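The values are calculated or read from the model by the stated rules, or taken from the named source; none is laboratory data. Small disclaimer: the values here were computed from a predicted structure and weren't measured. Note that we place each Cβ from the backbone using ideal geometry, even for glycine, and neighbour counts take in every protein chain shown. SASA here: full protein model, heavy atoms, side chains in, ligands and nucleic acids out. Shrake-Rupley method; radii C 1.70, N 1.55, O 1.52, S 1.80 Å.
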Amino acid sequence: MIEDGWLLSTNPATGDEAGRVPVADEKAVVAAVERAKAAAIWWQSIGFEGRKVRLLRWRTLLVERIQELAELAHSEAGKPVTDGIIEVTAAVEHLDWAAKNAKRVLGPRKVRTRLLLAEHSGHVEYLPFGVVGVIGPWNYPIVTPIGPISGALAAGNTVVFKPSEYTPVVGQWLADTFAEVVPEHPVLQAVHGFGDVGGALCRSGVGKVSFTGSTATGKKVMMACAENLVPVVIEAGGKDALIVDADADVSAAAEAAVWGSMTNAGQTCIGIERVYAVAPVYDAFVEAVVEKAGKLRTGQEIGPITMPKQLDIIRDHIEDALAKGGRAVLGGASSVQAPYVAPTVLVDVPADSSEMREETFGPTLTITKVRDADEAVEKANDTPYGLGGSVFAKKNGIRIARRLRSGMVAVNGTLTFVGMGNLPFGGVGESGFGRIHGEDGLREFARPKAITVRRAKSLLPAMTFERTPAQVQQIVKALRLLYGRKP
Ligand code: NDP
């Protein structure tokens, strides 16, 4: 809600005000980007080492004030404080890894010379874009922006961050605490408002945009960025699947399925929404899931649904699944009691129901019986999304994981790939493209620069009008010698 130029943030469980931030208009967004451009000159001048020490200071501040930040996320997004603490843990990991590895991954290095141009040495380095615009969602308001922010800042960019309208106070807290450890220049700024502010950021002269949010909004962001050929990273939604093979530890798989689908009340981009369990373990698995999920309490482990309009979507998906022949073995449509949704487990849900095809974003899970792992993979891949996934198996875990059409998979675990600073994170298909985190995530926020340096006179001068016909013949001879033999 906007009141007198202020964006009011409210607690989804109580409706109490969680804080307020000033709303930016287009002019304010452009001004923030101009300040960020000036700050980028200084930020780049202090080099990898100067940035590393400052990013690590911010990392330590997050650790020292972890409780405060988790409580802020609780009051604004409704998530249990313990979930907030786990979220900060992942954010700290990404900040630490990016700060410590940026120089190795992006710094200048020599590449091996190629024989045809042996008189030149080759060099590559990765240069920052200048200012990166980061647009973030509300469901993980700490780690989803800190992933791209860590990569962008470590690479030498400054950042203008547009948090979701549902979590602006956490977003402002991140910018304010960064300014405490880097008071010299506005290296990380937050701008607030609704989607139009995100759109203005795309058109404000930033060098790159990192977007995390829904697929539909991702397409709008791409269109806005296309106007000025601004490159984008799109981290969008998912409909992730968990596969349980015949030799899986069924109890561990059930624990992971319940955590993966119901943590953060199911409002997780890489949350497990579908399970495919092979026939021999299906009954035991369903029983274990129902037993574990049945113990979760709304208002305790299961927080409120942050976005009120999502409640209708969750109810619609459950009703559609039941109307098409699905059965609720735990909960059901009556589980939706605003602002909460109690754990709901559905079986026999047809593949064409919205619960199986669209992102539900609530604490619901469908379990489907399949013949074998091949059928499980085929059904898991039958979605336009492709973000994460999970496999429980002893013998064939990695083999099955490789066949899932997704950016990440956890074997005998779930969501774990988001907690490792050295692994790339991102999806395929409608889940987006580009990567945050790890080496790929650092390179995403820099452009490669290639340099050749002459170190001797050319014996076979190819790139000059002054070559002779004899030299051209020699070049052809050299080419035949080097590459003329059939493999
Ligand atoms: P939205 O797509 O609704 O919003 C994401 C951000 O984009 C918000 O800051 C929003 O602002 C902003 N925005 C809205 N319209 C525009 C526009 N036209 N131009 C530019 N920016 C705009 O997503 P949610 O916030 O609802 O987040 C949930 C979604 O995010 C789910 O689909 C989830 O799967 C996905 N997600 C993906 C992740 C990943 O890494 N792949 C991680 C976490 C979530 P405002 O809030 O003011 O509308």
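Things to note:
- Every residue from the range 194-211 that is more than 6 Å from the ligand (Cβ to nearest atom), in contact with a strand residue (DSSP E or B) (Cβ under 7 Å, 6 or more places away or on another chain), over 11 Å from Val33 (Cβ atoms) and of a type outside the set (A, V, I, L, M, F, W, C): Lys208, Ser210
- Taking the range 219-235 as the range and being of a type in the set (Gly, Ala, Ser) and either more than 10 Å from the ligand (Cβ to nearest atom) or surrounded by 23 or more Cβ atoms within 10 Å (Cβ to Cβ) (or both) as the test, only Ala226 passes.
- Residues of the range 371-403 that are touching a residue at least 60 places away in the same chain (Cβ under 8 Å), open to solvent by less than 20 Å² (accessible area, probe 1.4 Å) and more than 16 Å from the ligand (Cβ to nearest atom): Ala373, Ala376, Val377, Ala380, Val391, Phe392, Ala393, Gly397, Ile400.
- If you go through the range 322-362 and pick out every residue that is closer than 22 Å to Asp283 by Cβ and of a type in the set (D, E, K, R), you end up with 3.
- For the criterion of being closer than 30 Å to Ala410 by Cβ and either modelled with pLDDT of 95 or more or within 14 Å of the ligand (Cβ to nearest atom) (or both), Ala246 passes.
- Taken over the range 394-450, the criterion of being more than 24 Å from Val232 (Cα to Cα) and touching a Phe, Trp or Tyr at 6+ places or on another chain (Cβ under 7 Å) is satisfied by Ala410, Asn412, Thr414.
- One residue from Glu76, Glu119, Glu125, Glu87 being more than 20 Å from Val143 (Cβ to Cβ), among the charged types (D, E, K, R) and open to solvent by less than 40 Å² (accessible area, probe 1.4 Å): Glu119
- Positions within the range 251-285 being hydrophobic (A, V, I, L, M, F, W, C), in contact (Cβ under 8 Å) with a residue 40 or more places away in the chain and more than 21 Å from Arg357 (Cα to Cα), in sequence order: Ala252, Ala253, Ala256, Ala279, Phe285
- Checked against the criterion of being closer than 23 Å to Ser45 by Cβ and within 11 Å of the ligand (Cβ to nearest atom), the range 160-181 contains one or more residues that satisfy it.
- For the range 419-459, the set of residues classified as closer than 27 Å to Gly122 by Cα and part of a helix (DSSP H, G or I) consists of Gly438, Glu439, Asp440, Gly441, Leu442, Arg443, listed by residue number.
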